[in-house]
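Have a look at the structure below, then the notes.
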Amino acid sequence: MSVELDEPTAESDETNDFDDLDEVADETSVSLFEGDEGGLEYAQRHALVTLLKQRFISARTHPRDWQVLVENERVIRSRLNDLFLDLQVDPTREVAWKRQATSETASRFPTLLHDTAWSREETLVLVHLRDRLRAGLASGDARVYIDREDIVEYVASFRPGHATDEAGDEKRARNAVSSIIKAGLLIGSASEDRYEISEAVEPLLPLELLQELLEALQRANGSEVEAVAQDDDLFEEEDA
């Protein structure tokens, strides 16, 4: 199942470049280098670049960029629109991300985003994370955690009866966990065994996209994934 996602950058790129603000001669100036014709201040540009480089930003993962976005949403949205991108903001979960803009005439705009596809194992991981996040938040948990082995066992529960490469299947499940960590949807390092589920999972994986992913997975893999659609009320109506 293909979905438009921007490739994340290395974790080292997510360091607080705001620490360099003191080195900028005048952080409120829109002229930051010789010949600069830009119209944004340093902090606004920083938030814009972070949005372009990362799949999402949130108050949790990028607090200063999030604050700048909240205060300058219209101008940052405008700059993204110039690149045929649409800004999506979930103020309740305090998450923002970008999507490819859709033409009113159905023609395709030039795009900066890579059209990638979730693997079978990554899809199952995302389904499980969304389910666990919703259940945890409904129970009043401020943060929801999950163990690596819990995820791997969940993916393994959908192995078809005729599958014989158990070791290969487990490796693919563990690689899927690493991919989701890299995407920023599991908070923690790849060497850890317990992770916090990012609040961005739900807005980035809305119900309609979840249904599309599961339908594509079912077509590709057969009836062994039918149970996913009924697992723990995944398909309850979204809260208003």
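The values are calculated or read from the model by the stated rules, or taken from the named source; none is laboratory data. The model shown is predicted, which means the values in this text are computed figures rather than measured ones. So basically every Cβ, Gly included, is an ideal-geometry build from the backbone, and we count neighbours across all protein chains shown. Areas reflect the complete protein model, heavy atoms only, side chains present, ligands, DNA and RNA absent. Shrake-Rupley method; radii C 1.70, N 1.55, O 1.52, S 1.80 Å.
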Given (1) surrounded by fewer than 17 Cβ atoms within 10 Å (Cβ to Cβ); (2) out of contact with any helix residue (DSSP H, G or I) (no Cβ under 7 Å at 6 or more places or on another chain); (3) touching a residue at least 24 places away in the same chain (Cβ under 8 Å); (4) small (Gly, Ala, Ser), number of the condition Gly184 does not satisfy
(1)
Residues of region 30-70 being surrounded by 21 or more Cβ atoms within 10 Å (Cβ to Cβ) and of a type in the set (S, T, N, Q), which ones?
Thr50, Gln54, Ser58
Picking from Glu94, Glu34, which residue would you name as being among the charged types (D, E, K, R) and on the phi > 0 side of the Ramachandran plot?
Glu94
Give all pairs with beta carbons closer than 7 Å in which a residue from region 146-160 that is part of a loop (DSSP other than H, G, I, E, B) meets a residue that is open to solvent by less than 50 Å² (accessible area, probe 1.4 Å) and of a type in the set (A, V, I, L, M, F, W, C); count only pairs at least 6 apart in sequence or on separate chains.
Phe158/Leu124; Phe158/Val225
When both residues are 6+ apart or on different chains and their Cβ atoms are under 7 Å apart, which pairs have a first residue that lies in region 32-43 and is farther than 18 Å from Asp65 by Cα and part of a loop (DSSP other than H, G, I, E, B), and a second that is modelled with pLDDT of 85 or more and open to solvent by 40 Å² or more (accessible area, probe 1.4 Å)?
Leu32/Tyr42; Gly38/Arg45
Filter region 66-81 down to residues that are touching a residue at least 24 places away in the same chain (Cβ under 8 Å) and in contact with a strand residue (DSSP E or B) (Cβ under 7 Å, 6 or more places away or on another chain) and give me whichever is farthest from Ser103 (Cα to Cα).
Trp66
Could you tell me whether region 100-108 includes any residue that is more than 30 Å from Glu170 (Cβ to Cβ) and touching a strand residue (DSSP E or B) at 6+ places or on another chain (Cβ under 7 Å)?
yes
Close pairs from region 92-103: first touching a residue at least 60 places away in the same chain (Cβ under 8 Å), partner open to solvent by 30 Å² or more (accessible area, probe 1.4 Å) and in a strand (DSSP E or B), Cβ under 6 Å, at least 6 apart
Trp97/Gln88; Arg99/Asp86; Arg99/Gln88; Gln100/Glu4
Is it the case that region 109-126 has a residue that's under 18 Å from Trp66 (Cβ atoms), modelled with pLDDT of 90 or more, under 15 Å from the mean Cα position of the chain (by Cα) and open to solvent by less than 30 Å² (accessible area, probe 1.4 Å)?
no
